[in-house]
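*Asks:* Structure provided below as C-alpha cells; questions to follow.
The values are calculated or read from the model by the stated rules, or taken from the named source; none is laboratory data. All figures in this text were calculated on a predicted structure; none of them were measured in a lab. Because the Cβ atoms are built from the backbone with ideal geometry, glycine has one as well, and the counts that use them run over all protein chains shown. To get the accessible areas, we keep the full protein, side chains included, count just its heavy atoms, and leave off ligands, DNA and RNA. Shrake-Rupley method; radii C 1.70, N 1.55, O 1.52, S 1.80 Å.
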Amino acid sequence: MRIDLPEPYNKMKRAPQVILPKDIGIIIAYSGVNRESVCVDAGTGSGWLAVGLARIAKKVISYELREDFIKIAEKNKAMENLQNLEIRHGDITKDLKEKNVDIITLDMPSSEKAIPRARKALKENGVIVGYTPHMEQVVKFAAKLEKSGFTDIRTYECILRDMLVRPEGMRPSTKGVWHTAYLVFAKKGMMHEAKAERAQ
C-alpha cells in the first residue's frame, strides 16, 4: 500500500521497516527535544528517526548493529547534510558511553535490556522513549522502567487516517496507517545510584 509522506521522507532510502513520520512527530513533541538537546538513538535502521531528531537537536548519536542498515542511514544523513548526526556501529546495551544525555530513543528487540545503561547516560529528568510494536513488549519495558526509578511513565499509540473529501460527502478512506507501535515515555527520576544498580 502506498503511503503519502511529507518531505524529506518521500525521498529517503528505506530498509523493510522504518519509524514513520506520524510516530516521529509524537516522539519529538512528547520528548521535548529542542536545538540544545543531545540525543542518543538505538536501532538506527534506515535512520528516519535519527534524521528527524537531528533536524532539530544539537547532537544525535545513533547506534546500529547491522552494517547494511548503517549504509542506508548514512545515505539519508548525507541527503539531509546533517553534520550533527553520528551513526555508530555498536550495541547500546554494551557500548553506550555518553553522559548527560537529554533524550534516549530505543527501537530494538528486548529494549528493556538497554535501560540500565540508558539511566546512567541520561541527565536528571532526561527522557527515555521506547518504540514497541507489541503490548507484551510494553509491559516488560514499563515494568523495568519503574523498577529502575523512572517516573511519569506513559504509553501512546498514534493512528493516522486519510479522509476522502468529495462533493457528495466526506468520510474516512479505506486506506491509512493504523497500528505501527506503542510509544512509551518516561523520565529519569531521583534514585540513589546504588539502588539503581540493584534494580539491574
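*Asks:* What pairs come up if the first residue lies in the stretch 57-69 and is within 14 Å of ASP107 (Cβ to Cβ), the second is basic (Lys, Arg), and their beta carbons are under 8 Å apart, counting only those six or more places apart or on different chains?
*Replies:* Partner pairs satisfying both residue conditions: SER62/ARG88; TYR63/ARG88; GLU64/ARG88.
*Asks:* So which residues in the stretch 113-170 are under 14 Å from the mean Cα position of the chain (by Cα) and among the hydroxyl-bearing types (Ser, Thr, Tyr), if there are any at all?
*Replies:* TYR131, THR132, THR155, TYR156
*Asks:* What is the one condition in (1) among the basic types (Lys, Arg); (2) farther than 18 Å from THR180 by Cβ; (3) at pLDDT below 95 that ARG35 does not satisfy?
*Replies:* ARG35 satisfies every listed condition except (3).
*Asks:* Okay, moving on. Tally time: how many residues in the stretch 126-182 are β-branched (Val, Ile, Thr), open to solvent by less than 50 Å² (accessible area, probe 1.4 Å), modelled with pLDDT of 95 or more and touching a helix residue (DSSP H, G or I) at 6+ places or on another chain (Cβ under 9 Å)?
*Replies:* Counting residues in the stretch 126-182 that are β-branched (Val, Ile, Thr), open to solvent by less than 50 Å² (accessible area, probe 1.4 Å), modelled with pLDDT of 95 or more and touching a helix residue (DSSP H, G or I) at 6+ places or on another chain (Cβ under 9 Å) gives 4.
*Asks:* For the stretch 27-68, name all the residues that are assigned to a helix (DSSP H, G or I) and open to solvent by 40 Å² or more (accessible area, probe 1.4 Å).
*Replies:* So in the stretch 27-68, the residues assigned to a helix (DSSP H, G or I) come out as 27-31, 48-54, 67-68.
Across the stretch 27-68, the qualifying residues are ALA29, TYR30, GLU67, ASP68.
*Asks:* Here is a further query. Assigned to a strand (DSSP E or B), touching a residue at least 12 places away in the same chain (Cβ under 8 Å), β-branched (Val, Ile, Thr) and under 21 Å from LYS97 (Cβ atoms) - does that describe any residue in the stretch 140-155?
*Replies:* Initially, the stretch 140-155 is screened for residues assigned to a strand (DSSP E or B), giving 150-155.
Right, trim to touching a residue at least 12 places away in the same chain (Cβ under 8 Å) and you get 150-155.
Those still in the list that are β-branched (Val, Ile, Thr) too: 151, 153, 155.
Remaining after also requiring under 21 Å from LYS97 (Cβ atoms): none.
No.
*Asks:* Residue by residue through the stretch 107-134, note down the ones that are in a strand (DSSP E or B) and among the basic types (Lys, Arg). Spell out the reasoning first.
*Replies:* Initially, the stretch 107-134 is screened for residues in a strand (DSSP E or B), giving 122-132.
Once the filter is applied, which keeps residues that are in a strand (DSSP E or B) and among the basic types (Lys, Arg), the stretch 107-134 yields only LYS123.
*Asks:* Another question about this same structure. Looking only at the stretch 69-80, count how many residues are over 15 Å from the mean Cα position of the chain (by Cα), open to solvent by less than 60 Å² (accessible area, probe 1.4 Å) and of a type in the set (A, V, I, L, M). Even if it seems obvious, please write down each step before you answer.
*Replies:* So the first thing to find is which residues in the stretch 69-80 are over 15 Å from the mean Cα position of the chain (by Cα), and the list is 69-72, 74-80.
Now narrow it down to the ones that are open to solvent by less than 60 Å² (accessible area, probe 1.4 Å): 69-70, 72, 76-77, 80.
Narrowing the set further to residues that are of a type in the set (A, V, I, L, M) leaves 70, 72.
Summing the residues that are over 15 Å from the mean Cα position of the chain (by Cα), open to solvent by less than 60 Å² (accessible area, probe 1.4 Å) and of a type in the set (A, V, I, L, M) in the stretch 69-80 gives 2.
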